[in-house]
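Undergrad: Got a structure for you, questions after.
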Amino acid sequence: MKEFEKKAAVITGGAQGIGKRIREMFEAEGAYTEVIDIREGDWYTGDLSDPAVIEAFVKYVTDKYGHIDYLINNALPKMKGINECSYDEFMNALAVGTAAPFYLTKLFLPYFREGASVVNISSSRDRMSQLQTESYTAAKGGISALTPALAVSLGPKIRVNSVSPGWIDTSYTVYSGPDALQQPCGRVGTPDDIANMVLYLCSKKAGFITGENICIDGGMTKLMIYHDDHGWRYGE
């Protein structure tokens, strides 16, 4: 019997991209999956910035299964910069990216089975950034900080970890030249790179790992670049 056979996995933002691949991999291993996404489709449709939607979704899942084994908080927060982002838009990003994972975990708490696992999808932007990305970066920084706090509070019954993807191309485009070579691994990431780690963190093989944030970015955040390094010139 496969390890994930007949286990219940909930994936937020599972309609496309990384979330979709996580769902597919769980299903290939025999798990039951439930997805919530703001996009319309053959899954539970709802806006995670609304607490009432979260409450209704949790009731839907627990009424259907009576328990939960894995919660993957993957829904994408809004990315807007300080020049354009309104207060309401900033708070929406925090609601989707940080508050919703907290509230989902809280509401599912009585229903997690022994050995359950929560995996939060953060971003390498929790430690580095680009211009005009404040709403997204703040939300991802929040979920990275929330992860070890939850791990301490929920252990030993439930393990909580996060994954911080770097550049992940959800269309599986193969890049060459500088786009690939600026990453020490020599390529751009794919959803499989993240989904494989998520399933590992949910597995018994990762039974001694909790409270960790694992950055999967091809080494990009480790490459230190100064003016005139690698042909890069600041402000020119």
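Laboratory data are not the source of any read-out in this text; all were calculated from the coordinates shown. Nothing here was measured: the structure is a model prediction, and the numbers come from that model. Because the Cβ atoms are built from the backbone with ideal geometry, glycine has one as well, and the counts that use them run over all protein chains shown.
Undergrad: Would you kindly derive the ³J(HN,Hα) couplings of the range 90-104 from the backbone phi angles with the Karplus curve 6.51 cos²θ - 1.76 cosθ + 1.60 (θ = phi - 60°), listing them in order in whole Hz, with x for Gly and Pro?
TA: 5, 5, 4, 4, 5, 5, 6, x, 10, 5, 4, x, 4, 5, 4
Undergrad: Return the long-range amide H neighbours of Ala75 (sequence gap of 5 or more, or a different chain), with a cut-off of under 5 Å between placed amide H atoms.
TA: Thr12, Gly13
Undergrad: To the nearest 0.05, how large is the calculated FRET efficiency for Ser86 and Glu55 if R₀ is 25 Å and r is the Cβ-Cβ distance? Each step should come with its number before you reach the end.
TA: Values: r = 26 Å, r/R0 = 1.05.
About 0.45, to the nearest 0.05.
Undergrad: A further question follows. What value, in deg cm²/dmol to 500, does the helix sum -39500 (n - 2.57) over DSSP H runs of n ≥ 4 give at 222 nm once divided by the residues of the chain? Display every interim value, and only then the final one.
TA: Details: 7 runs with 81 residues, N = 236.
Value at 222 nm, helices only: -10500 deg cm²/dmol.
Undergrad: With axes computed from alpha carbons, what is the tilt in degrees of helix 17-28 against the longest principal axis of the chain, rounded to the nearest 10 within 0 to 90?
TA: The angle comes out at about 40 degrees.
Undergrad: Based on the alpha-carbon set only, what is the convex hull volume of the chain divided per residue, in Å³?
TA: 136
Undergrad: Can you tell me the mean projection area, over all orientations, of the convex hull of the range 1-43's alpha carbons? Units nm², please.
TA: It is 2.7 nm².
Undergrad: To continue, here is another question. Only counting other Cβ atoms within 10 Å, I'd like Tyr172, Tyr60, Tyr226 sorted with the fewest neighbours first.
TA: In increasing order of surrounding Cβ atoms, one gets Tyr226, Tyr172, Tyr60.
Undergrad: Shifting gears a bit: Roughly what % of DSSP beta bridges within the chain run antiparallel, to the nearest 5?
TA: Bridges in the chain that DSSP calls antiparallel: roughly 0 percent.
Undergrad: Still on this model: Compute the relative contact order of the chain as a whole-number percentage, counting only Cα pairs closer than 8 Å that sit 6 or more residues apart in sequence.
TA: Details: 460 pairs, mean separation 43.5, N = 236.
Relative contact order for the chain comes out at 18 percent.
Undergrad: Please turn the phi angles of the range 46-57 into ³J(HN,Hα) values with the Karplus equation 6.51 cos²θ - 1.76 cosθ + 1.60 (θ = phi - 60°), one per residue in order, whole Hz, x for glycine and proline.
TA: Those phi angles translate into x, 9, 6, 7, 9, x, 5, 5, 4, 4, 5, 5 Hz.
Undergrad: Next up: Taking the Cβ of Asp63 as the centre, find all other residues whose Cβ is under 14 Å away and add up their charges (Lys, Arg: +1; Asp, Glu: -1).
TA: Net of charged neighbours comes to 0.
Undergrad: Could you work out which residue, out of Gln183, Gln130, Gln16, moves most in a Gaussian network model of the chain, that is, has the largest mean-square fluctuation with Cα springs under 10 Å?
TA: Gln130
Undergrad: Give me the Kirkwood hydrodynamic radius of the range 71-170, using the inverse of the mean 1/r over all pairs of distinct Cα atoms, in Å to one decimal.
TA: It works out to 13.9 Å.
Undergrad: Continuing with this model, one more query. With a sphere of radius 15 Å drawn around the Cβ of Phe108, what net charge do the other residues whose Cβ falls strictly inside it have (Lys, Arg +1; Asp, Glu -1)?
TA: +2
Undergrad: Below 14 angstrom from the Cβ of Gly218, what's the summed charge of the other residues (Lys, Arg +1; Asp, Glu -1)?
TA: Counting the neighbours of Gly218, the net charge comes to -3.
Undergrad: As I understand it, the dipole of the range 95-236 uses +1 on the Cβ of Lys and Arg and -1 on the Cβ of Asp and Glu, about the Cα centre. Which of Ala100, Ile121, His227 lies farthest toward its positive end?
TA: Among Ala100, Ile121, His227, the one farthest towards the positive end of the dipole of the range 95-236 is Ala100.
Undergrad: Taking R0 as 30 Å, what's the FRET efficiency between Glu24 and Ala145 from their Cβ-Cβ distance, rounded to 0.05? Write down the numbers at each step before the final one.
TA: Numbers: r = 30 Å, r/R0 = 0.99.
According to the calculation, E is roughly 0.50.
Undergrad: Continuing with the same structure: I need the calculated FRET efficiency for the pair Lys205 and Val174, taking r as the beta carbon distance and R₀ as 35 Å, to the nearest 0.05.
TA: That gives a FRET efficiency of 0.75.
Undergrad: Then there is this: Dividing the Cα radius of gyration by the Kirkwood radius, what Rg/Rh value follows for the range 191-236?
TA: Reported Rg/Rh, Kirkwood definition of Rh: 1.24.
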